[in-house]
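The values are calculated or read from the model by the stated rules, or taken from the named source; none is laboratory data. Because the structure is predicted, anything quoted here is derived from the model rather than measured. Don't worry about glycine lacking a Cβ; one is built from the backbone with ideal geometry, like all the others, and counts go over all protein chains shown. Areas reflect the complete protein model, heavy atoms only, side chains present, ligands, DNA and RNA absent. Shrake-Rupley method; radii C 1.70, N 1.55, O 1.52, S 1.80 Å.
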Amino acid sequence: MLSLILAESSLELVPKEIQNHNSVISHSKKLGKKPSEIILDNSWHFGAMKGILNEIKRGRPDLVHFSLLEATSIPLYYEKKISIYVHTINDKVIFIGDDVRLPKSYHRFIGLIEKLFSEKVVQSEGKNLLEIKDMTFNQLLQEIKPKRIIGLSVQGIPSTCENIVKKLTDDSCIVIGGFPKGHFSNEIKKRFEYTVNVGLTSLEAHVVISRILYEYEKTIFM
Ligand SMILES: C[S@@+](CC[C@H](N)C(=O)[O-])C[C@H]1O[C@@H](n2cnc3c(N)ncnc32)[C@H](O)[C@@H]1O
């Protein structure tokens with residue numbers, strides 16, 4: 001089965017070193033939660049995030065929301081022809097179950113993810129919808145065991161989504177960055193068999209996901 005990994009995704013709880021910042025405390029009070037229980041979001045915590053390690057890749061959970069809505073709202077997913085994983089910037093992996101209907105509302109999505117970080121699993125009728133584990137990108141690959149790993153990046157060789165799909169065998173894995181700026185870390189880049197660029201400019205992750213999965217769908221359903 002095809003796998004999609006959203007890698008180094010900009011999704012994490014507010015880190016310890018900024019939990020005492022005013023913007024974090026006031027936001028957490030508004031939500032009725034502890035600073036350690038809320039998701040880092042640069043639209044709320046911009047001041048607190050200044051100067052933190054890897055700042056440009058962090059605090060954009062909305063990108064993960066868009067990307068997951070895209071990947072879980074298509075026939076490929078409804079027909080269980082794709083497995084979806086979110087690897088985070090802090091080496092956690094969210095396993096997306098095969099019957100998940102994510103909230104379209106951003107606030108409800110964040111509430112769900114905060115619950116997931118706290119309880120580690122979200123279930124419905126005894127089935128795991130979402131599960132989060134401490135896991136590196138390499139450990140995730142060891143679990144999935146893909147035969148081919150294709151990374152999507154503006155740093156890659158120019159190609160088209162159609163051509164990438166031709167390279168996909170069963171059990172291939174597509175890796176897309178779940179971060180707003182910057183590039184994949186070397187640890188991740190070195191696992192790619194091919195690194196491909198599918199646009200004249202940098203695109204949003206959800207746009208790349210929709211284009212490539214649509215091309216793949218055509219080879220399966222049409
Ligand atoms: C907003 S971009 C991250 C910024 C980064 N400078 C970039 O464009 O690669 C999020 C992800 O979308 C994918 N992406 C964006 N533009 C792309 C392109 N032209 N070709 C292939 N993948 C692209 C990459 O996987 C990237 O990590």
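Kindly evaluate PHE109 against the criterion of being open to solvent by 30 Å² or more (accessible area, probe 1.4 Å), out of contact with any Asp or Glu (no Cβ under 6 Å at 6 or more places or on another chain), hydrophobic (A, V, I, L, M, F, W, C) and within 24 Å of ILE212 (Cβ to Cβ).
no
When the residues of the stretch 198-222 are filtered to those that are surrounded by fewer than 19 Cβ atoms within 10 Å (Cβ to Cβ) and more than 19 Å from THR72 (Cα to Cα), which remaining residue is farthest from the ligand (Cβ to nearest atom)?
Filtering first and then ranking leaves MET222.
Which residues, counting only those in the stretch 118-143, are farther than 15 Å from GLY97 by Cα and surrounded by fewer than 16 Cβ atoms within 10 Å (Cβ to Cβ)?
SER118, GLU119, ASP134, THR136, ASN138, GLN139, GLN142, GLU143
Mind checking which pairs have a first residue in the stretch 154-183 that is modelled with pLDDT of 95 or more and a second that is among the acidic types (Asp, Glu) and within 12 Å of the ligand (Cβ to nearest atom), Cβ under 7 Å, 6 or more apart or different chains?
Qualifying pairs under 7 Å: GLY177/GLU8; GLY178/GLU8; PHE179/GLU8.
Counting only residues that are part of a helix (DSSP H, G or I) and open to solvent by 30 Å² or more (accessible area, probe 1.4 Å), which one in the stretch 1-31 is nearest to ILE110 (Cα to Cα)?
Result: LEU31.
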